[in-house]
Amino acid sequence: SSPLLEPPRPASLPRPAIACFGMAAPKATTKPPVSSKLAAKQKALQKRAKGAGLDASVVLKCTEKAANAALLIWQRCQACHGSTVRDVLGSILGDGNRYSMADLRYDIKLGRLETLPAGSSAGDLPKPKPRPDAPLAGKPLPPASLDEFFLFLQGQLRMELREHTGETLALPNKDAEKMWPDIEAFVTPNLGATERWVPYHTILGVHELFLVQSVHDRKEWNEKQRFLAIFVFRSHCKRDLFLEAQLPVMLGKSFWDDPIKAFEPNGVMEEAILKYRKKTGKPLITSCFRIIPPRVLKDDDRNLVRSITDRTMKLIEVAEHAWGVLKDKSKTPAQKMAAISTKIQDANGLGETWAKMLIVCIDLAYPNEQLLESQCDVGTGAAPPLRCLTQGGNHPTKQKALEALLKAMNAATSPHAKSFWRTLQEQESRIRSHFKRYRLVQAQASTKERRMSAVTLQVQLCEYRQFRHSIARLKYGLPDDETMRVEAESKTRLCAQNFVEFDEKKKVASFMYPGDEKQTVFEVPAKSVGGNQAVATRIAAMCFDRYRAGDSWEQVRKLRDEVVTGYRPGGEDVPDDSEAWQVCRIQLSHSSPLVSFQVETKEGKRFPFQTTLGAAGSILEAERIARLCWQRLSAGATKDAVLQYRNSLYKGTAPSALAGGKGSKAQKPSDARTPAASTQRSEKALAAAPGKRARPTKDADASAVAKRARKVKA
């Protein structure tokens, strides 16, 4: 399996049968076995899973291949066992990402998951092959405890000193010394190219120390530029890629005038990364990320690069906001952390784990801000050990549980706790001596006794969870430590992007709505819109949303036919991977159907912008004109200039972007990118709009569609 696609951390798993923050665990249920008649349909359903449509009500079954795979793969597929496609799509995985259709198809393709007919039972989970080399096979795994956690931390300190200085740290605690071989067995596979191990001092992690040495002390940049560079690196976390491909561009005089522009599609940074990829063949994303990029381009390398540049543009926007918050002297550390965390989690495609990672980076770069001294976002990986170590406490939230555990850790007086604090003092003295040049390392390796920070505790809880899985497998012959399984998030998103797909052979955009007993396959042929795959996919998504809102199939088909009549072929539009396709969507429920969106200026001010069906003449024209306007506004054009541009589009007199305009690029109809991903738009692809467009829809067309919209509202 490609290191670009495999997860470094386990995926979501069924809720373990133990209490969580004062809440009772659900009871397990048993389903009847699969009948031979239902099993006979399985092969046909598997074929469908690889084609254009996948019934959302089919049941997923974890296979023996997954059971005997690496721990991380096994746990991800466990999370899907017995669930329907509808249940798993959109659910949160262990790394904070949502499980997408791309993830599902990848697991089915490699034989880790099979599909069963709707209503079937997946049966019991397949049992991994026994590990004859496990010395304690057959014996119960002892439960996690605070004392064991203290012993684990002492082993982490020894490993950290050995890896960075080559020195050996004596462990006065005999039980800690006894645990050392288990810690070596856990850490060793996660060193080197895997980049998965996180030492006790977070700043000495592979990526964090790289930022200290290559970004934080870089004299060519000012403070804000160094801050933004953190987010650029964090979009992929590959050191060679940053130094060899990105740094030369970032050292240029013009880069910092508009950093986002450099990452636009077909821009200077995209080309630099592609050149690096072709020259070296090296991975472009750390194996610590479990990311399968959405398919927006046919070429694999270009598609992967586009996912990186899109994510970087999004992260730079977050960084611009975070910088203002960080420098706001009127806010307390808690207020700053909350504001930055909220901004990160609100960004499309990011989540609480991204928030945790980025805030840790900011905290390491600005230790005097004390953002994480006593509080920290609890990532999904830290939740299971936090739950296990706080059993008996009635904590309403993960944050409260972390605060309680931190207090207990700093107040503990057991022999294992005392030996930990003595070991920490000795180890930090030697770390400070080794890293004299780096003030940020000096700052973190100066822990006051019984003053462990919330962020250190949270990060080490994640490592402790992985350690528990390691000893479960290597010593006890178990597939994992079931008490440390990441909880699945029950809330899922019924999004069109997870169900609408484009069939390259049939040239149709289609979907099968989850829960539809008749299993109706709804189609929008590309030929009905001049072969434009992106528009066909957009119409299918529009119909999906209307059916979800309560329209009948007859109403939805009528909407499709009326929308198609408003298409005008061969014209100007934004690239298929522009975020405008997600932002500029018509509101049919409005009394006067319109496309409305908010625009934020570089100064942080926001203003509304809209196009209307009445003025544009049809639904597709209203959305198309809105996309073109959104693109210009996002590129920095003034509202007045774009209003004038919009009005000229209404009249059919807009000058083509091919005639000039800063940064404009042609997007011919024949250049349409893979449309299956046109519902998975990348963020902030701000290339200017191209091509020519015929005059908008006639008044008669506008009247018919407006009438339809009023019926929808009624």
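Only residues that are within 18 Å of residue 535 (Cα to Cα) and loosely packed, with under 10 Cβ neighbours inside 10 Å were counted in segment 594-616, giving 0. Please go through segment 315-331 and pick out each residue that is over 20 Å from the mean Cα position of the chain (by Cα) and either under 10 Å from residue 371 (Cβ atoms) or aliphatic (A, V, I, L, M) (or both). Answer for segment 315-331, where residues must be over 20 Å from the mean Cα position of the chain (by Cα) and either under 10 Å from residue 371 (Cβ atoms) or aliphatic (A, V, I, L, M) (or both): 325, 326.
Among residues of segment 437-451 that are in contact (Cβ under 8 Å) with a residue 40 or more places away in the chain, those with a Cβ under 8 angstrom from a residue that is open to solvent by less than 50 Å² (accessible area, probe 1.4 Å) and of a type in the set (Ser, Thr, Tyr), sequence gap 6+ or separate chain, pair up as 444/202.
Applying the set (1) closer than 30 Å to residue 404 by Cβ; (2) without any contact (Cβ under 8 Å) to a residue 12 or more places away in the chain; (3) among the charged types (D, E, K, R); (4) surrounded by 13 or more Cβ atoms within 10 Å (Cβ to Cβ) to residue 174 leaves exactly one unmet item: (4). The set of residues from segment 181-197 being part of a helix (DSSP H, G or I) and surrounded by fewer than 16 Cβ atoms within 10 Å (Cβ to Cβ) comprises 181, 184, 185, 188, 189, 192, 193, 194. The helices (runs of 4 or more DSSP H) falling completely within segment 226-307 that include 1 or more residues that are farther than 29 Å from residue 205 by Cβ and of a type in the set (D, E, K, R) map to 259-262, 268-280. Whether a residue is open to solvent by 10 Å² or more (accessible area, probe 1.4 Å), touching a Lys or Arg at 6+ places or on another chain (Cβ under 8 Å), over 29 Å from residue 448 (Cβ atoms) and of a type in the set (A, V, I, L, M) was assessed, and residue 347 passes this test.
Within segment 547-583, the set of residues being among the charged types (D, E, K, R) and either buried (at least 21 other Cβ atoms within 10 Å of the Cβ) or more than 18 Å from residue 519 (Cα to Cα) (or both) comprises 558, 560, 561, 562, 568, 572, 573, 576, 577, 579.
Can you tell me which residues in segment 246-257 are farther than 18 Å from residue 236 by Cα and surrounded by fewer than 14 Cβ atoms within 10 Å (Cβ to Cβ)?
Those that are farther than 18 Å from residue 236 by Cα and surrounded by fewer than 14 Cβ atoms within 10 Å (Cβ to Cβ): 251, 252, 253, 254, 257.
Counting the residues of segment 567-610 that are in contact with a Ser or Thr (Cβ under 8 Å, 6 or more places away or on another chain) and farther than 28 Å from residue 322 by Cα gives 10. Filter segment 506-546 down to the residues that are surrounded by fewer than 22 Cβ atoms within 10 Å (Cβ to Cβ) and of a type in the set (Lys, Arg), then identify the one that is nearest to residue 622 (Cα to Cα). Among those residues, the one meeting the criterion is 546. Listed by first and then second residue, the pairs with beta-carbon distance under 9 Å, at least 6 apart or on different chains, first residue in segment 590-616 and at negative phi and among the acidic types (Asp, Glu), second open to solvent by 10 Å² or more (accessible area, probe 1.4 Å) and in a helix (DSSP H, G or I), are 600/317.
Of all residues in segment 207-225, those being open to solvent by 50 Å² or more (accessible area, probe 1.4 Å) and either closer than 17 Å to residue 314 by Cα or part of a helix (DSSP H, G or I) (or both) number 3.
The helices (runs of 4 or more DSSP H) falling completely within segment 380-436 that include 3 or more residues that are open to solvent by 70 Å² or more (accessible area, probe 1.4 Å) map to 398-411, 415-434. Only one of the listed residues (372, 315, 358) is open to solvent by less than 20 Å² (accessible area, probe 1.4 Å), hydrophobic (A, V, I, L, M, F, W, C) and in a loop (DSSP other than H, G, I, E, B). That residue is 372. Given the structure, is residue 299 more than 30 Å from residue 369 (Cα to Cα) and among the charged types (D, E, K, R)? Answer is yes for this residue.
Residues in segment 133-145 that are open to solvent by 50 Å² or more (accessible area, probe 1.4 Å) and either aliphatic (A, V, I, L, M) or within 28 Å of residue 432 (Cβ to Cβ) (or both): 1 in all.
One residue stands out among those in segment 323-344 that are open to solvent by 60 Å² or more (accessible area, probe 1.4 Å) and assigned to a helix (DSSP H, G or I): the one that is farthest from residue 208 (Cα to Cα), which is 335.
To keep it simple, each residue is scored yes or no on (1) in contact with a His (Cβ under 8 Å, 6 or more places away or on another chain); (2) part of a strand (DSSP E or B); (3) at pLDDT below 85.
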{"position": "523", "(1), (2), (3)": "no, yes, no"}
{"position": "527", "(1), (2), (3)": "no, no, no"}
{"position": "539", "(1), (2), (3)": "no, no, no"}
{"position": "544", "(1), (2), (3)": "no, no, no"}
{"position": "550", "(1), (2), (3)": "no, no, yes"}
{"position": "561", "(1), (2), (3)": "no, no, no"}
{"position": "569", "(1), (2), (3)": "no, no, yes"}
{"position": "574", "(1), (2), (3)": "no, no, no"}
{"position": "599", "(1), (2), (3)": "no, yes, yes"}
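Only one of the numbered conditions (1) hydroxyl-bearing (Ser, Thr, Tyr); (2) modelled with pLDDT under 90; (3) open to solvent by less than 10 Å² (accessible area, probe 1.4 Å) is violated by residue 287, and that is (3).
Can you confirm whether residue 178 is basic (Lys, Arg) and closer than 24 Å to residue 452 by Cα? Against the criterion (basic (Lys, Arg) and closer than 24 Å to residue 452 by Cα), residue 178 does not qualify. Just to be sure before I move on: is residue 364 buried (at least 16 other Cβ atoms within 10 Å of the Cβ) and part of a helix (DSSP H, G or I) in the structure I sent? So residue 364 fits the description; yes.
The set of residues in segment 229-239 that are open to solvent by 10 Å² or more (accessible area, probe 1.4 Å) and touching a Phe, Trp or Tyr at 6+ places or on another chain (Cβ under 8 Å) contains only 239. Can we say residue 619 is crowded, with 20+ Cβ neighbours inside 10 Å, more than 28 Å from residue 267 (Cα to Cα) and β-branched (Val, Ile, Thr)? Yes; evaluated as a whole, the condition is true for this residue.
The values are calculated or read from the model by the stated rules, or taken from the named source; none is laboratory data. Predicted model, so just to flag it, every value in this text is computed and none were measured. Quick reminder, even Gly has a Cβ in these numbers, built from the backbone with ideal geometry, and neighbours come from all protein chains shown. SASA here: full protein model, heavy atoms, side chains in, ligands and nucleic acids out. Shrake-Rupley method; radii C 1.70, N 1.55, O 1.52, S 1.80 Å.
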